[in-house]
Amino acid sequence: MPIILKEYEFLQTKDINQSNEKAHYMEEKSFLELEKFILENETTPYLKIISKKGYGKILQAQNFVGVIQTKDGTTIEILPKILHVEIDESKKILLRMLKTLKKSPFKHINMANLKSSKLPLLEMFITMFLDELSWLIKRGIKSDYVKKQENLKFLKGKLKLSEQIKQNYIHKERFFVEYEEFSSDRAENRLIKTTLNFLYKKSKLNQNQQRIREFLFIFDDVSQSKDVKTDFANICLDRQMKDYEQVLVWSKTFLLENSFSPYKGSEIAFALLFDMNLLFESYVGTYLKKNNLHVELQDRGKYLVEHPRKFALKPDIVIDKDTSNEIIADTKYKVIKEEKDISQSDMYQLYAYGTKYKNCSQLYLIYPKGENIEFEKYSYIKDKLHLNVVFFDLSLKFEENNFIQKIKETKQCTHLASQL
């Protein structure tokens with residue numbers, strides 16, 4: 001079974017006070033592999049090395065969630081830390097958030113088909129891939145005319161004169177030829193078979209292993225990819241191959257697992273990690289769109305200094321852009337327990353947006369709802385700009401969340417911000 005952490009919980013190599021719920025134990029070899037992984041990726045804090053009195057050296061989870069697997073097979077799951085939410089529910093929330101990511105394999109996942117959130121996260125990802133592949137196989141594996149070059153005992157196709165001279169100077173009875181063969185051994189199928197072989201080594205779930213063996217039998221005539229990146233460059237997702245699109249997105253996720261959060265190092269066998277800041281932004285943006293608001297994410301075109309243009313402004317969310325009711329919102333994945341925790345730099349950034357978006361008077365900082373939040377919203381006024389701080393409850397599903405109503409309540413808890 002994997003070691004399961006929530007954000008800011010930590011790992012160490014020896015037993016500690018069992019009353020501390022944030023502590024998790026792991027073998028020293030795996031611990032050292034993770035430590036090296038952290039040191040090789042210092043610019044991206046997937047985990048953090050801390051020396052803690054009474055604990056020694058510990059590895060603490062940060063704002064990245066997902067799966068890390070060391071070479072000895074130890075798997076660590078890092079889940080979002082959400083108020084009053086247990087592990088199984090936290091896993092469901094993570095999947096809901098992943099569904100909102102663009103250009104990812106998660107947007108089509110069917111939550112109802114995942115029978116148990118008690119499955120390890122990696123096994124859930126493997127199950128999703130196998131479900132997509134099962135659908136593709138029912139639609140039919142595609143074949144195509146594939147160019148082949150071989151040294152044969154008979155003439156077939158086109159004789160390659162330069163290779164004939166080089167290869168068959170002595171063996172005059174042979175022919176070095178190039179021909180086309182209608183075959184399923186094409187780049188797209190090679191990548192799928194390579195993914196199946198890769199996942200067979202990673203999966204520890206009997207059901208997934210059995211399904212992978214069955215699918216490998218179907219792809220028996222397909223060769224393993226010798227160059228994954230070249231095969232990905234050669235895929236052709238035209239109208240005929242449209243059914244392959246989602247399966248190949250999954251294949252890319254597994255075979256080039258650094259596509260979401262690039263990492264360096266040879267000590268880790270597999271890692272699939274997601275920045276919670278980006279997930280939170282994507283999730284909130286999708287929620288606003290589902291509530292029939294005209295939303296643009298990561299808007300561009302405004303600069304803090306106009307002549308010459310410097311310091312580009314890129315608000316996370318613009319609602320009703322270029323209308324008289326324009327609203328700017330910035331998501332910040334930070335723990336806010338009381339008003340003093342609200343970041344001054346976040347507020348200044350919000351104010352800068354308001355000075356450049358002339359049709360906007362309502363601006364919002366959106367934080368995840370945390371502990372001890374007594375108010376649903378804080379509001380400040382500066383130069384006729386209403387700077388609002390609101391909290392999004394990740395523990396609620398879209399249809400249960402009354403977040404839009406909170407945004408509309410612009411006069412609640414209003415304060416004059418003399419510090420701005």
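In the stretch 168-217, which chymotrypsin sites (Phe, Trp or Tyr not before Pro) fall in coil by DSSP and have 13 or fewer other Cβ atoms within 10 Å? Kindly include the intermediate steps, with their values, before the conclusion.
Working: sites: TYR169, PHE175, PHE176, TYR179, PHE182, PHE198, TYR200, PHE215, PHE217; in loops: TYR169.
Sites meeting the loop and neighbour criteria: TYR169.
Just round it to a whole percent: the fraction of Cα-Cα distances in the stretch 185-338 exceeding 27 Å.
Numbers: 5934 of 11781 pairs.
Summing the P(r) of the stretch 185-338 above 27 Å gives 50 percent of all pairs.
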**Request:** Compute the Cα gyration tensor for the stretch 264-342, then decide on rounded, prolate or oblate, letting a ≥ b ≥ c be the square roots of its eigenvalues: rounded whenever a/c is under 1.5, prolate when a/b is larger than b/c in the other cases, and oblate in all that remain.
**Result:** prolate
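Which whole-number percent is the relative contact order of the stretch 144-183 (Cα, under 8 Å, 6+ apart)?
Details: 67 pairs, mean separation 24.1, N = 40.
Once divided by the residue count of the stretch 144-183, the mean separation gives 60 percent.
Which value in deg cm²/dmol, rounded to the nearest 500, describes the helix-derived mean residue ellipticity at 222 nm for the chain, given -39,500 (n - 2.57) per DSSP H run of n ≥ 4 and division by the residue count? Numbers along the way, then the final one.
Details: 11 runs with 132 residues, N = 420.
So the calculated ellipticity at 222 nm is -10000 deg cm²/dmol.
Hey, could you get me the Stokes-Einstein D for the stretch 62-189, Kirkwood radius over alpha-carbon pairs, 10 °C and 1.306 mPa s, rounded to whole µm² s⁻¹? Each step should come with its number before you reach the end.
On the way: Rh = 19.4 Å.
It comes out at roughly 82 µm²/s.
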**Request:** Could you tell me what % of all Cα pairs in the chain have separations over 28 Å?
**Result:** 60
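Report, in listed order, any pair from LYS48/LYS332; LYS201/LYS242; LYS52/LYS81; LYS102/LYS337 with a Cα-Cα distance greater than 23 Å.
Working: LYS48/LYS332 20 Å; LYS201/LYS242 29 Å; LYS52/LYS81 21 Å; LYS102/LYS337 31 Å.
Checking Cα-Cα distances, LYS201/LYS242; LYS102/LYS337 exceed 23 Å.
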**Asked** Which angle from 0 to 90°, rounded to the nearest 10, does the C-alpha axis of helix 121-139 make with the longest principal axis of the chain?
**Response** 50
**Request:** Let me have the relative contact order for the chain, percent, based on Cα pairs under 8 Å that are six or more residues apart.
**Result:** 13
**Message:** How tilted is helix 276-290 with respect to the longest principal axis of the chain? Cα atoms for both, answer in degrees (0 to 90, nearest 10).
**Reply:** 80
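Once you list every other residue whose beta carbon is under 14 Å from the beta carbon of LYS103, what net charge do they have if Lys and Arg are +1 and Asp and Glu are -1?
On the way: positive: LYS99, LYS102, LYS107, LYS252; negative: GLU245.
That works out to +3.
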**Item:** the chain: most fluctuating residue of VAL222, VAL247, VAL146 per GNM, C-alpha cutoff 10 Å
**Value:** VAL146
**Prompt:** How many nm is it between the label spots at GLN210 and PHE398, if each spot is 7 Å from the Cα in line with the beta carbon?
**Reply:** 3.5
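Would you please classify the overall shape of the stretch 63-108 from the alpha carbon gyration tensor, given that a ≥ b ≥ c denote the square roots of the eigenvalues, rounded means a/c under 1.5, and beyond that prolate means a/b larger than b/c while oblate covers the rest?
Details: a/c = 2.41, a/b = 1.18, b/c = 2.05.
Oblate shape, in that a/c is at least 1.5 and b/c is the bigger or equal ratio.
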**Asked** Regarding the stretch 144-183, what is the average projected area of its C-alpha convex hull, in nm²?
**Response** 2.5
**Fill in**
Between the Cα axis of helix 245-255 and the main Cα principal axis of the chain, the angle (0 to 90°, nearest 10) is 90
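FYI, it's all coordinate maths here, none of it is from the lab. Not measured: the values here are computed from a predicted model. All Cβ positions, glycine included, derive from the backbone under ideal geometry; neighbour counts span all protein chains shown.
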